[in-house]
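Working notes, structure below.
What follows draws every value from the coordinates through simple rules; no lab data is involved. Given the structure is predicted, the values throughout are model-derived calculations rather than measurements. Methodologically, a virtual Cβ is constructed for each residue, glycine included, from the backbone with ideal geometry; neighbour enumeration extends over all protein chains shown.
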Amino acid sequence: MNTTTVFIPNISCQGCVRAIQAELCDLAGVLKVEGDPQTRQVTITWDERTSWEAIRERLIEINYPPAH
Amino acid sequence: MSQVELPISGMTCANCARAVERAVKKLPGVTSVNVNLASERATVEYTPGVVSIAHIVAAIRKAGYDVPAQPADLGSRAALDATRAARQAELAQRRRRAIVGLLLALPTFTLSMGRDLGLLGLVLGPAFAPPGGHAAHQASEQAVLNWLLFALALPVQLYVGWPFYTHGYTALRNGAPNMDVLVALGSSAAFGYSCAVLLGWVDGHVYFETAAVILALISLGKYLEARAKGQAGAAIERLLDLTPKTARRLRPRADGSLEEEDVPVASINIGDLLVARPGERIAADGVVVAGHSAVDESMITGESVPRDKGPGDTVIAGTVNREGVLRYEAARVGQDTVLAQIVRLVAQAQGSKAPIQALADRVSAVFVPAVMLIAIGTFAAWLALGGDFQRAMINAVAVLVVACPCALGLATPAAIMVGMGRGAELGILFRNSAALEQAARVGLIAFDKTGTLTQGRPTVVEVVVLDQTCAPTPDALLALAAGAEQHSEHPLAQAIVEAAKARAIQPTPTAQFRALPGMGVFAVAHSTGDNQRTIAVGSARLMAQQGVALDERAEAQIARLQARGCTVMLVAVDGRLAGAIGLRDTARPESRTAIAALKQRGIRTLMLTGDNAPAARAVAEELGIDEVLAEVMPGEKAARIAALKLAAAAPRRRSARALVAMVGDGINDAPALAEADVGIAIGSGTDVAIEAADVTLMRSDLRQVVQAIDLARATARGIRQNLFWAFFYNLLLIPLAALGVFQQYGPILAAGAMASSSLFVVGNSLRLRRQVRGGELNLSAQQKAGAGQIRDDAPSTALG
């Protein structure tokens, strides 16, 4: 079980957060996605069925690349 | 491949739009997605059968956005009811404001003017005489009167004046000061200045009545204008009424036979087998698989002759099946049907029309900044010339007060009301004031052909004898055909009977009448001394079915008639082809006069039709129409009008006459009527066309188009004159106010300006009534002579 909080500059509204939630939750292993459009931070919890690399890749694919 | 447009709510940024696109694109069967963030709509191309609209909607919802209603949202009843309720509420509020304004402004005006003109002094004693000097002004009775005026004017300023402040603020923020700004500015200046006088901050006269009367009169004008506005959405409602609520669907039983069931139209799927009995409406766009019939498509095309339908032919939802039973397979349902597309086009066209800027607003856009500059200039000049601050301020405010013309509120409505009233007398109904104002600026009129320029019903134009042993002369042929057709209700049949009647030909007596739906009729002739002969009258398809041979000469004649735009009815006697009758939709006799009169007024004319080019050109030449756009698909008409609007506006954007009008009568014209700057519906046309149009001509006479233009031009002239008179007196007073003369004579001058301009405006408007005469049009003698020719194609005698 891992938890990471990332800053995603592309977030501009609650709709973006919902889109990220919907897309990430499609990945098997993603347990929880929480985000705040104000701070543009998203906290993702996942287990061993997936990896940060996979999540990161998906975020880039859907045009919400995390900062760093 | 199908396309669907879905409304989407909840999108706030470009990322949202992309998220929706992604969610939909992932579905199998979706070929393209285009999401427009600004219009909150998604256009999806998909393969029906692989994916359904319901799937697409579900995917969008899952992505966290909503599809607020069915795609029918634009034309749904709920949306219509909502807009109607909002309109009613707005109208009621305008009415309340106008009534409150008038009730309070009238006593304010009476009291104040009564004092200024000395009447009050005569009635109530010298204490109420006009304030002669500062001492008298301080008299407590005067103060009481001033406070009374304040009490009356305060609610007018706050309640009646409120919309002027809000709308004026919006207009200012948009950088286009309109009439509202002028009214808010003038009335506030008068009211604020009067309050300052009342509180003893400045010496002077109170102008509460000026503020109250301006607001009351202009509110009244706005209410009258709003009341005259037509109901939005009525066209769409009429269209929705055309779609049947239920359909007969054929369901295969277990044993393979078919079972008929009544189902709601909404539950029809593509590929369902449907049945239409005679008199029933077609429920979905489809392809006929069995049966023959004639289908009345007049509500879609304007063409009154029912179309013959057999296997393989397409049928359109909403059209009426006339004669036989048709089995058809649904190809397009719900939002994809032609009718639904028309509903959407009408809604889009109505929604996309930018509100026009009223002339009063355009004048105000120049007037407001000018007045403000003069006021600022006055203030600066007085200050610079050594006047004290208070005096400079008072004179600047005086400029603002006198600049606001009371009669401005009446200038447009008075002329419009008279114009619309005169129109109603002539049988020309303008939907709203904008329609009347716009019609004056029309430079191009596009006409639908069928049912508008033409009569919309067929007339016999040529009778060709092909076998003289059957019928020796055209008259004999017509007698035979009329004899067989006299029992038929079909418009083509009636046209043949009428043609016989017009030529005083006695139809051959017949019996054993039999009609073959969608093909023609049979009858047995039993005239004197004649052995019984079987007459068949109908289409080439009927002849083929009956085994009647068509020789080369017959084929050539048929081709020739068809090239002239004719529908050909063939007549066979005992299985031998006797002759052919050509029928055509002929021009309305008055169309030619109307076109000539329009040209004389510098208006370009154009014909817009779905017909083939030769037939269209023949009619255009007959009528003297300048341009022809033929073979235009029903869905394209609105787009063509939009293109014409662009083309007309581009070269002379600022020109007075760059607007495009469209004249039509069919449902297929409705989107174009809504799209045109001025849509004109023929009164005998469909309800949908009438509701989509801005103007309705009660008599089906195109000369009324000319009258409508004349009336609109006269009204526009009236409005301009009214505006001139409304501003004129106030303009005269501005220099006086700026020079400070106003202090002394202000009240009388202001009252005089108010009264004279209002009288001029009303008087000038009433003069309009006499400007457009009914009946005869202004035409030169030569054009009148030419207009008399109805048609030149007399029945020809063909060679034996």
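Tabulated data
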read-out	value
Dipole magnitude of the stretch B:1-45 about its Cα centre (Cβ charges: Lys, Arg +1; Asp, Glu -1), debye to nearest 20	180
Spatial separation of Cα centroids for the stretch B:510-573 and the stretch B:20-41, in angstrom	55
Isotropically averaged projected area of the stretch B:591-653, using the convex hull of Cα atoms (one quarter of hull area), nm²	4.6
For the stretch B:640-647, Karplus couplings with θ = phi - 60° (6.51, -1.76, 1.60), whole Hz, Gly/Pro x	4, 5, 4, 5, 4, 4, 4, 4
Calculated from backbone phi, Karplus (6.51, -1.76, 1.60) coupling profile of the stretch B:669-678 in Hz, x at Gly/Pro	7, 3, x, 5, 5, 6, 6, 4, 4, 10
Under 14 Å, Cβ to Cβ, from B:Leu723 - net charge with Lys/Arg +1 and Asp/Glu -1	+1
Three semi-axes of the equivalent ellipsoid, the stretch B:2-68, Cα gyration tensor, whole Å, largest first	18, 11, 10
Net charge dipole size for the stretch B:595-698 [Lys, Arg +1 and Asp, Glu -1 on Cβ; Debye, nearest 20]	740
Among the listed pairs B:Lys599/B:Lys637; B:Lys25/B:Lys309; B:Lys222/B:Lys637, those beyond 29 Å (Cα-Cα)	B:Lys25/B:Lys309; B:Lys222/B:Lys637
Full-stretch length increase - B:Arg617, B:Asp203 - with 0.36 nm per residue and alpha-carbon distance subtracted	141.3 nm
In sequence order, calculated HN-Hα J values of the stretch A:43-58 (Karplus, 6.51, -1.76, 1.60; Hz; x Gly/Pro)	10, 10, 10, 9, 10, 5, 5, 9, 9, 4, 4, 4, 5, 4, 4, 5
Per-residue mean of C-beta atoms belonging to partner chains within 10 Å, peptide A:11-24	5
Spin-label model distance (nm) - B:Arg503 vs B:Thr469, 7 Å beyond Cα toward Cβ	2.3
C-alpha long axis of helix A:14-25 to longest principal axis of chain A, angle in °	10
Average other protein chain Cβ within 10 Å of Cβ, residues A:57-67	1
Span from the the stretch B:174-194 Cα centroid across to the the stretch B:391-424 one, whole angstrom	12
Local electrostatic count, B:Leu103, Cβ distance below 13 Å [Lys/Arg +1, Asp/Glu -1]	+3
The stretch B:244-336 - convex hull of the alpha-carbon atoms, volume per residue in Å³	88
Calculated log₁₀ intensity ratio I(q)/I(0) where the Debye formula runs over C-alpha points of the stretch B:147-217, q = 0.16 Å⁻¹	-0.53
Amide hydrogen neighbours beyond the local backbone of A:Gly35, cut-off 5 Å, H modeled	A:Thr43
Amide proton proximity set for B:Leu258, modelled H, under 5 Å, gap of 5+	B:Arg253
Simple label model, 7 Å out from Cα along Cβ direction - B:Asp255 to B:Lys62, nm	4.4
Cα-based shape type of the stretch B:471-573, given that a ≥ b ≥ c are square roots of the gyration tensor eigenvalues and the cut on a/c is 1.5	rounded
Rh by Kirkwood over Cα pairs, then Stokes-Einstein D for chain A at 1.306 mPa s and 10 °C, µm²/s	137
Average other protein chain Cβ within 10 Å of Cβ, residues B:19-25	3
Student exercise, chain A dipole from Lys, Arg, Asp, Glu Cβ charges, in Debye to nearest 20	160
Rounded to whole Å, sorted largest first: equivalent-ellipsoid semi-axes of the stretch B:497-625, Cα gyration tensor	38, 18, 11
Convex hull per residue volume in Å³, alpha carbons only, for the stretch B:400-499	147
